[in-house]
Amino acid sequence: MKRLEPVVAWYGGGYDPGPPAPPDVPDALHTVERSGALTSRDPAVLKHVGLVMGRFRPPHLGHLHLVEEAFRRCGLVYVLIPEKTGSGFTLCHRLVTAAFSQLASVVVAHGSDALPRDPTEPGFARAWADVVRAGIPNTVTRVFSSDTVGAAVVAQELKAEHVVVDTKRERVPICASDIRADVFAGFRWLAPRARPWLALSVGLLGPECAGKTTLARELAAALRATVVEDGLRVEAAKHQGDMPP
């Protein structure tokens with residue numbers, strides 16, 4: 001990859017180093033067969049480095065659509081999540097990594113816990129742009145979001161293009177707060193690869209006629225879940241007449 005030489009001195013007006021050096025393209029993830037349908041073959045597209053920022057609590061199909069759009073329009077994609085303390089952040093990091101690692105590199109914005117959250121606060125754009133530059137080794141050229149305010153000012157500070165995706169939530173009509181309010185009702189809105197981390201599995205054991213089937217159906221109704229039949233039991237029932245007395 002071509003690197004810009006450091007500037008020693010210049011005279012006259014403001015110094016302009018020109019456009020950022022493009023990354024090595026395509027990114028390794030663009031060669032994976034399962035991502036082929038989203039992969040662009042246009043060198044003008046693959047030269048871009050994309051950034052998606054968010055908390056993703058939890059990552060859902062709308063977030064996945066956003067990251068897929070970034071993957072489709074860039075040669076490299078980074079997902080930046082704010083740093084938090086405690087076990088909750090560990091789970092969040094695992095969920096985001098599971099949801100997006102086939103499309104992007106997940107990066108933790110170290111030190112972001114103390115940064116301003118309101119885009120109208122003085123220094124908001126500069127502080128978050130500095131965190132992006134510190135955590136991402138490539139120059140970001142495109143910032144993707146469904147937010148027309150916060151991400152826009154960070155993109156401007158980074159001198160990157162701001163790409164707005166489904167800002168009215170028409171493509172995927174869900175938001176993370178809805179899922180947090182009722183995880184069971186919103187379970188199928190979760191990003192598929194994040195679901196195993198939040199799935200609730202209940203196994204029922206007991207002798208015949210103990211009420212396992214009845215209890216399973218009542219639990220499934222209460223949890224809005226699915227009853228998975230015991231495969232061995234189903235096969236045994238098929239051959240019950242063949243079994244010795």
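The values are calculated or read from the model by the stated rules, or taken from the named source; none is laboratory data. Bear in mind the structure is a predicted one, so any value in this text is a computation, not a measurement. With ideal geometry, Cβ positions are generated from the backbone for all residues, glycine too; neighbour counts draw on all protein chains shown. Side chains included, ligands, DNA and RNA excluded: accessible areas come from the protein's heavy atoms. Shrake-Rupley method; radii C 1.70, N 1.55, O 1.52, S 1.80 Å.
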Practice item. Among the residues of the stretch 156-174, write down those that are surrounded by 13 or more Cβ atoms within 10 Å (Cβ to Cβ) and modelled with pLDDT of 90 or more. Key: GLN156, GLU157, LEU158, ALA160, GLU161, HIS162, VAL163, VAL164, VAL165, ASP166
Exercise for review: Please tell me if HIS93 is out of contact with any helix residue (DSSP H, G or I) (no Cβ under 9 Å at 6 or more places or on another chain), open to solvent by less than 30 Å² (accessible area, probe 1.4 Å) and closer than 26 Å to ARG188 by Cα.
Suggested key: no
**Study point:** Test result for THR39, open to solvent by less than 50 Å² (accessible area, probe 1.4 Å), over 30 Å from ASP113 (Cα atoms), among the polar types (S, T, N, Q) and at pLDDT 55 or above
**Key:** yes
Review point. When you look at ALA134, is it open to solvent by less than 40 Å² (accessible area, probe 1.4 Å) and either within 28 Å of LEU190 (Cα to Cα) or touching a His at 6+ places or on another chain (Cβ under 8 Å) (or both), yes or no?
Key: no
Exercise for review: Could you please find all residues in the stretch 49-86 being of a type in the set (Val, Ile, Thr) and either within 23 Å of ASN138 (Cβ to Cβ) or open to solvent by less than 20 Å² (accessible area, probe 1.4 Å) (or both)?
Suggested key: VAL49, VAL52, VAL67, VAL77, VAL79, ILE81
**Study point:** Only one of SER105, SER112 that is touching a strand residue (DSSP E or B) at 6+ places or on another chain (Cβ under 9 Å) and at pLDDT 90 or above
**Key:** SER105
